[in-house]
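In what follows, a structure is listed as structure tokens, so that the remarks can point back to it.
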Amino acid sequence: MKLNLKLMISSLVAATMISGCATGTGNPTIDDNQKAIIGTTLGALAGIALGNNVGGGSKSRNKVIGAVAGAAIGGAIGYSLDKQAKEVADSLNTNVNNNPNAVLDPNQDLIVSNTDNYVKIMFRDAMMFETNSATPTMSASSKISKVTSVLEKYPNTLVQVTGHTDSRGSHSYNKTLSEKRASNVGNIIYNAGVQNQIFSKGCSFDKPVAPNDNNTNMALNRRVEVYLYPNQESVIDTCK
């Protein structure tokens, strides 16, 4: 009997999203365990399909072998970024916060979040640098260094550091300031001796999280973000 993989995958995702809606929020949510289940099950289904096409041996045996291998791969896809995000958050004595509105809370000066493609660490400018300075403070350097203990476990993770400013001053001045801040944060990570590839860039005030119309909002926009990518295909333009 041939498996209708598209139908089974669609049904699985739909069922999981429905269970996510049961939280009462009205928005579909998928927790870490559900992501792992989706990844594992999709991997198993793909493995069965692979097993059906493997030459030699019985088809039933190939299905089992394919399912086990596929489940292992799929499960890794499902939870690896969630696991890495939690490890980063633990190293910084905080929790993973994937609430998109968290960045608008002035009391949140450090936010660790993740998507299906990357882990992001946001540091507020106020906790990182003195006014108009591109050199991280000692306390900021200490926090940044804590992330390297996690990166040592993930040497293939790509690291991208991006600086953002508010709109006061010229675009070129803020471009230079944001680049220097990103570069200095990246250098702290690099000088810790990790094997990861590290890139930095400055966005000036091209990507605000709030309108630059008052001091509170401007403070929200001054930040450094560290992105951790599992591969080159996951890299995004952090200035757009």
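The values are calculated or read from the model by the stated rules, or taken from the named source; none is laboratory data. These numbers come from a predicted model, not from an experiment. Counting neighbours? That spans all protein chains shown, and the Cβs are built from the backbone with ideal geometry, glycine included. Just so you know, the surface numbers come from the protein's heavy atoms only, side chains and all, with ligands and any DNA or RNA stripped out. Shrake-Rupley method; radii C 1.70, N 1.55, O 1.52, S 1.80 Å.
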Exercise for the section: Quick one: work out the % antiparallel among DSSP beta bridges in the stretch 76-234, nearest 5. Expected result: 75 percent
Practice task
Quick one: accessible surface of Phe123, probe radius 1.4 Å, all protein chains present, in square angstrom to the nearest 10.
Solution key: 0 Å²
Problem - Ellipsoid equivalent to the stretch 76-234 - semi-axes via the Cα gyration tensor, in Å - result: 25, 17, 14
Problem - Set of the stretch 202-224 residues, backbone N closer than 20 Å to the point 7 Å along the Cα-Cβ line of Ser170 - result: 202-207
Problem - Accessible carbon and sulfur surface of the stretch 76-234 relative to its total accessible area, %, 1.4 Å - result: 48 percent
Completion exercise
Computed over the stretch 196-240, protein heavy atoms only, probe 1.4 angstrom, the accessible area per residue in square angstrom equals 48 Å²
Practice task
Grab the Cα-Cα distance for Ser141 and Thr115, subtract it from 0.36 nm times how many residues apart they are, and report the gain in nm with one decimal.
Solution key: 6.8 nm
Exercise for the section: With a point put 7 Å past each Cα toward its Cβ, work out how far Ser149 is from Ala192 in nm, to one decimal. Expected result: 0.9 nm
Practice task
Anything over 23 Å Cα to Cα? Flag those among Lys83/Lys153; Lys86/Lys180; Lys83/Lys180, in the order listed.
Solution key: Lys86/Lys180; Lys83/Lys180
Practice task
Report the accessible area of Arg222, computed with a 1.4 Å probe over the heavy atoms of all protein chains in place, in Å² rounded to the nearest 10.
Solution key: 50 Å²
Practice task
Before anything else, pin down the relative contact order of the stretch 76-234: Cα pairs under 8 Å, at least 6 apart, normalised by residue count, whole percent.
Solution key: 28 percent
Practice task
Along Cα→Cβ, 7 Å out, is where each label goes; now give me the distance between the ones at Met127 and Ala219 in nm to one decimal.
Solution key: 1.3 nm
Fill in the blank from the handout: With all protein chains in place and a 1.4 Å probe, Thr137 shows an accessible area in Å² (nearest 10) of 30 Å²
Problem - Ile144, Ile236, Ile188, reordered so the largest accessible area comes first (probe 1.4 Å) - result: Ile236, Ile188, Ile144
